[in-house]
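The values are calculated or read from the model by the stated rules, or taken from the named source; none is laboratory data. Just so we're clear, the structure is a prediction, and the values are computed from it rather than from any experiment. FYI the Cβ positions are ideal-geometry reconstructions off the backbone, even for glycines, and counts take in every protein chain you see.
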Amino acid sequence: MNPKQKQFSIWYIFIALWALMLFQIFVTPFFNPTEIPYSEFKAAVAAGKVEEVSVSPAVIHGRMKADHAKEGRAFDTIRVEDPNLVRDLEAQHVKITGVIESTLVRDVLSWVVPIALFAGFWLFLLRRMGQGQGGFMTVGRSKAKVYMEKEVKVSFADVAGVDEAKQELQEVIEFLKTPEKFTRLGGKIPKGILLVGPSGTGKTLLAKAVAGEAGVPFFSTSGSEFVEMFVGVGAARVRDLFLQAKEMAPCIIFIDELDALGKARGVGPMAHEEREQTLNQLLVEMDGFDPRVGVILMAATNRPEILDPALLRAGRFDRHVLVDRPDKIGRLEILKIHARSIPLAAETDLDVIAAMTPGFVGADLANLINEAALLAVRRNKDVVGLSELQEAVERIIAGLEKKNRVLNPAEKERVAHHEVGHALMALSIPGADTVQKISIIPRGIAALGYTLQLPTEDRFLMTKSELENKIAVLLGGRVAEEVIYREVSTGAQDDLMKATDIAKSMVKVYGMSDKLGQISFDRDRQPLFLQTGLPQTPGDYSEETSREIDCEIRRIIDEQYARVRTLLHAQQHILREAATVLLGKETITGEELKAIIAQTGTRS
């Protein structure tokens, strides 16, 4: 393990300047002779203070006696035509030499040493600036991390939930191991393979696994590492990267976050000269290298829609491999891989956790296992049980519990009715997700309570009625407050936003409005795998159509609101009874709510 490196600080400059100044003030004077007037020199000679002098045509250099005030200090004085000088010096027994002693040492110490200090300081500064990249003068060198065959410890056994992607990449491994198998009939392996998918699905891990399975060197870099302030640096790094790769072939080059480098040229209000030059160089290198050499270029992105078309044409990144969110079976396999390093209780069933985590990617599941291990440590347990895993799921979905946040009784009662309203609608409407848990313990940033619903299976399509049911469940909390208190509060803000988004998508995207017909009005080029949260630009339709879209969205919300109000009015006694139980326990399960419904229905 490398020792921790210190970061360069501006204080180094100030320290160096102070040291140089102190050297000039306190050290240099000891090596430089003191200049004195000729009259003072004559007086010192007459007083017997001078020990020796050397006389030259222009300067008299001498030294005082050590037992006087000057304590042996050297001095210089100007040479004056004085016929009595030699007589006076001999009278005082002053040693006279005709040649000035060498000043080489003095000159070196007074001039060369400060210059050497400055030179040393700047060399140190440049070395610190270039640390990790081979120095300041190697700015054009590639910054890719190189992992040799024995250093890549990842294999396909460490990757789960992406079986289709692994099958696609198996051909690449076979080519790197036995290229003659493909070249025998004139076949060529694809030059570029683009891994596409949401963040955290394991694209980088998959690329490393390919290198590990093939047993070849692995060059890992990021698209942002090519783009620099200085024009031409990125292109130079691309050339250097491919040159290194050809020397170590067969090997794999992996560029993460390709969209930072490969954005479409000429798009947007401002062009980026350096980025476009770097992209051009990448295109040239991909055209120039022979696929028989054995260099495979892999890249990953979660924004393929903004890549330059020249990158995606045949002969470059012409094979696209989707690394999607795992299904339930894939999540179970991922959980098993990450659970290898922690002790699990014997009764722990990871299949339950896999069913509780629809939409989770590999990074989320790794975080889940880690959170569960931390919870077990806090509880002084030796193994991680199912309760810790379930609590970790809730922490990731709803946020951290905030038991210290004390609500006043009126607010707590309102939150209880609100959450029970959600749960009752989920149980009343057929096809809604199963209610797992209801809680009025505050979580996260603003959630004062939550209702945890879990789907019984992975779904990839939703019908119009199922989307309407989702809106109804979201409106259940708001309607419950209106039924009980005859007025509403601000607690349904997030519910209303989600319900409006679903209704808007039904009208504008999915064509589920009878009035507007089978038309999609959402034509913006939105990220495929990213939720940016940015406002959408107005569509290319008239104001009249926009007004009709707004009316249809309002109609869908109003219809579901009326539907929920009818259902909850009929179950008002169950709503009150379940809220009372929830206030006492703070948390109840879906099964407990069903038991309350059965008992209350029997009594009524």
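Listed by position, the helices (runs of 4 or more DSSP H) contained in region 332-446 that have at least 1 residues being among the small types (Gly, Ala, Ser), more than 34 Å from the chain's Cα centre (by Cα) and under 29 Å from Ala499 (Cα atoms) are 409-428.
Quick one: which of Glu411, Glu401 is closer than 23 Å to Ala578 by Cα, surrounded by fewer than 19 Cβ atoms within 10 Å (Cβ to Cβ) and touching a Lys or Arg at 6+ places or on another chain (Cβ under 6 Å)? Walk me through how you get there before you give the answer.
Working: Glu411 fails: touching a Lys or Arg at 6+ places or on another chain (Cβ under 6 Å).
The conditions single out Glu401.
Restricting Ala299, Ala339, Ala354, Ala345 to those that are in contact (Cβ under 8 Å) with a residue 24 or more places away in the chain, assigned by TED's automatic domain parsing to the domain that holds Ile189 and of a type in the set (Gly, Ala, Ser) reduces the list to Ala299.
Give the residue that is farthest from the chain's Cα centre (by Cα), with candidates limited to residues of region 450-491 that are of a type in the set (D, E, K, R) and within 20 Å of Gln572 (Cα to Cα). So that I can check it myself, show each step before the final result.
Taking region 450-491 as the starting set, the residues that turn out to be of a type in the set (D, E, K, R) are 457-459, 464, 466, 468, 470, 478, 481-482, 486-487.
Imposing the further condition that a residue be within 20 Å of Gln572 (Cα to Cα) reduces the set to 478, 481-482, 486-487.
Working: Arg478: 38, Glu481: 42, Glu482: 44, Arg486: 47, Glu487: 45 Å.
Looking at residues that are of a type in the set (D, E, K, R) and within 20 Å of Gln572 (Cα to Cα), I get Arg486.
The residues in region 321-331 that are within 29 Å of Ala299 (Cβ to Cβ), outside any loop (DSSP other than H, G, I, E, B) and not hydrophobic (A, V, I, L, M, F, W, C) can be counted, and the count is 2. Screening Trp111 against (1) at pLDDT 70 or above; (2) closer than 29 Å to Ala19 by Cα leaves a single unmet condition, (1). The single residue among Leu474, Leu516 that is without any contact (Cβ under 8 Å) to a residue 60 or more places away in the chain, over 24 Å from Glu544 (Cβ atoms) and out of contact with any Pro (no Cβ under 8 Å at 6 or more places or on another chain) turns out to be Leu474. Of the residues that make up region 311-329, is at least one crowded, with 18+ Cβ neighbours inside 10 Å, within 22 Å of Thr434 (Cβ to Cβ) and of a type in the set (Phe, Trp, Tyr)? No, region 311-329 contains no residue that is crowded, with 18+ Cβ neighbours inside 10 Å, within 22 Å of Thr434 (Cβ to Cβ) and of a type in the set (Phe, Trp, Tyr). Scanning region 448-479 for residues that are surrounded by 16 or more Cβ atoms within 10 Å (Cβ to Cβ), under 22 Å from Ile553 (Cα atoms) and of a type outside the set (Asp, Glu) yields a total of 12. When Ala160, Ala165 are screened for being assigned by TED's automatic domain parsing to the domain that holds Leu194, modelled with pLDDT of 70 or more, in a helix (DSSP H, G or I) and within 30 Å of Thr201 (Cα to Cα), only Ala165 passes. Here Gly444 fulfils each of the conditions (1) surrounded by fewer than 18 Cβ atoms within 10 Å (Cβ to Cβ); (2) within 21 Å of Asp349 (Cα to Cα) apart from (2).
Return yes or no: is Asp308 under 28 Å from the mean Cα position of the chain (by Cα) and over 25 Å from Gly223 (Cα atoms)?
Taking the combined requirement at face value, the residue does not satisfy it.
The number of residues in region 202-253 that are over 30 Å from Gly330 (Cβ atoms), within 23 Å of the chain's Cα centre (by Cα) and not in a helix (DSSP H, G or I) comes to 4. The number of residues in region 523-563 being surrounded by 12 or more Cβ atoms within 10 Å (Cβ to Cβ), modelled with pLDDT under 90 and over 41 Å from the mean Cα position of the chain (by Cα) comes to 1. Looking across region 562-579, the residues that are of a type outside the set (D, E, K, R), in contact (Cβ under 8 Å) with a residue 12 or more places away in the chain and part of a helix (DSSP H, G or I) come down to Val564, Leu567, Leu568, His569, Gln572, His573, Ile574, Leu575, Ala578, Ala579.
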